[in-house]
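K.L.:
The structure follows.
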Amino acid sequence: MAGLLSSPQDRAGAVLSIDLAALTENWRILKRRCAAKDTGAVVKADGYGTGAVQAAAALKSAGCATFYVAHLDEGIAVRGAVGAGPRVVVMHGPNRGTERDFAALKLIPVLNTPEQIAGWRKYAETADILSESLVHVDTGMNRLGLTRKEFDAHIADGGFNGLHPLALMSHLACSEEAKHPLNEAQRKAFAEVLSIFRTRFPDAKASFTNSSGIFLDPAYHYDYARPGVALYGVNPTPDVPNPMLPVVRLFAKIIQVRRVDRATTVGYGATAAVPEGTKLATVSIGYADGIPRSWGAGGAGFVDGIRCPVKGRVSMDLVIFDVSNVPDSGLHPGALMEIIGSHSTVDDVATAAGTIGYEILTSLGARYHRHYLPAPTPIKKP
């Protein structure tokens, strides 16, 4: 708006810093580890809360050639960010009547249901086009994808006729637990249906592994890998140290500091009691910004590396912290409280809130001032 004298960072209650160099390095880490011919990037849910357009553009510059989103509108935005060259795969597939949009923008649909397959076949026949797709078969998630009975029926009665499948895909349910027996059961089920599928489509590739699956045996990797949350710094191997670099940092501004003059309670519901002399800081962040209400039970922020536990409930726009251990010199309106950073990772915040890093990232709010640390400029070969 014309005439404003303050900066967006000054006006915001919190600052979200997104390190695109760390994002692209995480993609390289996964690519080096993965045996797949193509290590892509899942940028759905607005790039797991980091900004799909910015994330996709940075990853394309790093060499990523395949991007995965959930919805058509996400695919349209990512296509605009990466241009005409890379593949953009829409994993929820085409809603009825949207097939022509997929074709016009060269978006690749994942066909999850018999209805989607029939609709895509009908459109391809009517428009007289040969357009790539992925066929999704369920191997144990029981979420999206053809059941084995539906897959066998399509093979038997020509239900896949008219398709031009780039790959057959499935999705691991328990890949974060390397020794979970369902991993191997799914791999064997996928190998079986893939061998049948290739009797009909001998050139079809396979896509099976997600972020955590990359850290399983290479037998899980196949042709197209689909890493998602690991790109953004969440630990894909929860039982061992995180191999990924942190991508996001979140700092919220202190609005007010007070020292209570008598034993009292804090926040809605009076759920937290504090003794006389406790020093409290009220910070400009809350569940409207994606900080779970449940975080109040065990969460903490940091000022100058000093841990400051949450006191009371997280409210819509505010969180109260006990800053009694922080010197007064580090506390004033406008001072920053680290919510996610070097002392408290996304996974730490998630654990304190009783949830997972996926939910913390994808809930990151729209009210933050977003600051992007640029990815290195690629060196052009002579």
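The values are calculated or read from the model by the stated rules, or taken from the named source; none is laboratory data. For clarity, every value in this text was computed on a predicted model and none was experimentally measured. Positions of Cβ are backbone-derived with ideal geometry, glycine not excepted, and every protein chain shown enters the neighbour counts.
K.L.:
Which members of region 325-350 meet the condition of being of a type in the set (S, T, N, Q) and surrounded by 17 or more Cβ atoms within 10 Å (Cβ to Cβ)?
P.N.:
Residues of region 325-350 that are of a type in the set (S, T, N, Q), as a first pass: 325, 329, 342, 344-345.
Those that are of a type in the set (S, T, N, Q) and surrounded by 17 or more Cβ atoms within 10 Å (Cβ to Cβ): S344, T345.
K.L.:
Further question: Pairs, please: C-beta under 8 Å, at least 6 apart or cross-chain, first residue touching a residue at least 60 places away in the same chain (Cβ under 8 Å) and closer than 22 Å to A12 by Cβ and in region 348-366, second surrounded by fewer than 17 Cβ atoms within 10 Å (Cβ to Cβ) and not charged (D, E, K, R)?
P.N.:
G365/A288
K.L.:
Looking only at region 322-337, count every residue that is touching a Leu at 6+ places or on another chain (Cβ under 7 Å) and not in a loop (DSSP other than H, G, I, E, B) and tell me the total.
P.N.:
Residues that pass the stated criteria total 1.
K.L.:
Tell me, please, whether a residue that is out of contact with any Leu (no Cβ under 9 Å at 6 or more places or on another chain) and either in contact (Cβ under 8 Å) with a residue 60 or more places away in the chain or not aliphatic (A, V, I, L, M) (or both) can be found in region 248-258. Can you show your working first?
P.N.:
So in region 248-258, the residues out of contact with any Leu (no Cβ under 9 Å at 6 or more places or on another chain) come out as none.
Scanning region 248-258, I find no residue that is out of contact with any Leu (no Cβ under 9 Å at 6 or more places or on another chain) and either in contact (Cβ under 8 Å) with a residue 60 or more places away in the chain or not aliphatic (A, V, I, L, M) (or both), so the answer is no.
K.L.:
Looking at (1) farther than 16 Å from A52 by Cα; (2) surrounded by fewer than 20 Cβ atoms within 10 Å (Cβ to Cβ); (3) among the acidic types (D, E), which is the one condition that is false for D73?
P.N.:
All conditions pass for D73, except number (1).
K.L.:
For region 182-204, what are the residues that are among the basic types (K, R) and farther than 15 Å from H171 by Cα?
P.N.:
R198, R200 - these are the residues of region 182-204 that are among the basic types (K, R) and farther than 15 Å from H171 by Cα.
K.L.:
Any residue in region 40-49 that is free of Cβ contacts under 8 Å to residues at least 40 places away in the same chain, surrounded by fewer than 20 Cβ atoms within 10 Å (Cβ to Cβ) and either in a helix (DSSP H, G or I) or in the same structural domain as A219 (by TED's automatic domain parsing) (or both)?
P.N.:
No, the conditions are met nowhere in region 40-49.
K.L.:
Within region 178-220, track down each residue that is within 26 Å of the chain's Cα centre (by Cα) and assigned to a loop (DSSP other than H, G, I, E, B).
P.N.:
Once the filter is applied, which keeps residues that are within 26 Å of the chain's Cα centre (by Cα) and assigned to a loop (DSSP other than H, G, I, E, B), region 178-220 yields A178, K179, H180, F208, T209, N210, S211, L216, D217.
K.L.:
Enumerate the strands (runs of 3 or more DSSP E) found wholly within region 77-177, keeping only those where 1 or more residues are among the small types (G, A, S), crowded, with 19+ Cβ neighbours inside 10 Å and in contact with a Leu (Cβ under 8 Å, 6 or more places away or on another chain). Steps first, please.
P.N.:
Values: elements: 87-90, 108-111, 132-136, 164-169.
Of the strands (runs of 3 or more DSSP E) lying wholly inside region 77-177, those with at least 1 residues that are among the small types (G, A, S), crowded, with 19+ Cβ neighbours inside 10 Å and in contact with a Leu (Cβ under 8 Å, 6 or more places away or on another chain) span 132-136, 164-169.
K.L.:
Please count how many residues of region 273-318 are in contact with a helix residue (DSSP H, G or I) (Cβ under 8 Å, 6 or more places away or on another chain), among the small types (G, A, S) and either crowded, with 20+ Cβ neighbours inside 10 Å or not in a helix (DSSP H, G or I) (or both).
P.N.:
Number satisfying all stated conditions: 6.
K.L.:
Go through (1) modelled with pLDDT of 95 or more; (2) under 19 Å from G233 (Cα atoms); (3) outside any strand (DSSP E or B) and name the single condition Y372 misses.
P.N.:
Of the numbered conditions (1) modelled with pLDDT of 95 or more; (2) under 19 Å from G233 (Cα atoms); (3) outside any strand (DSSP E or B), the odd one out for Y372 is (3).
K.L.:
Right, here's the next one. Looking at L16, L4, which is the one that is of a type in the set (A, V, I, L, M) and free of Cβ contacts under 8 Å to residues at least 12 places away in the same chain?
P.N.:
L4
K.L.:
OK, next. Just a yes or no: is a residue in region 108-125 in the same structural domain as R198 (by TED's automatic domain parsing), at pLDDT below 95 and acidic (D, E)?
P.N.:
Taking every residue of region 108-125 in turn, at least one turns out to be in the same structural domain as R198 (by TED's automatic domain parsing), at pLDDT below 95 and acidic (D, E).
Yes/no matrix, rows are residues, columns are (1) among the aliphatic types (A, V, I, L, M); (2) under 23 Å from S211 (Cα atoms):
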site: Q9; (1), (2): no, no
site: D19; (1), (2): no, yes
site: K37; (1), (2): no, yes
site: V82; (1), (2): yes, yes
site: P94; (1), (2): no, no
site: T98; (1), (2): no, no
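K.L.:
Determine which member of the set D328, D347, D322 is acidic (D, E) and touching a Ser or Thr at 6+ places or on another chain (Cβ under 7 Å).
P.N.:
Testing whether each residue is acidic (D, E) and touching a Ser or Thr at 6+ places or on another chain (Cβ under 7 Å) leaves just D322.
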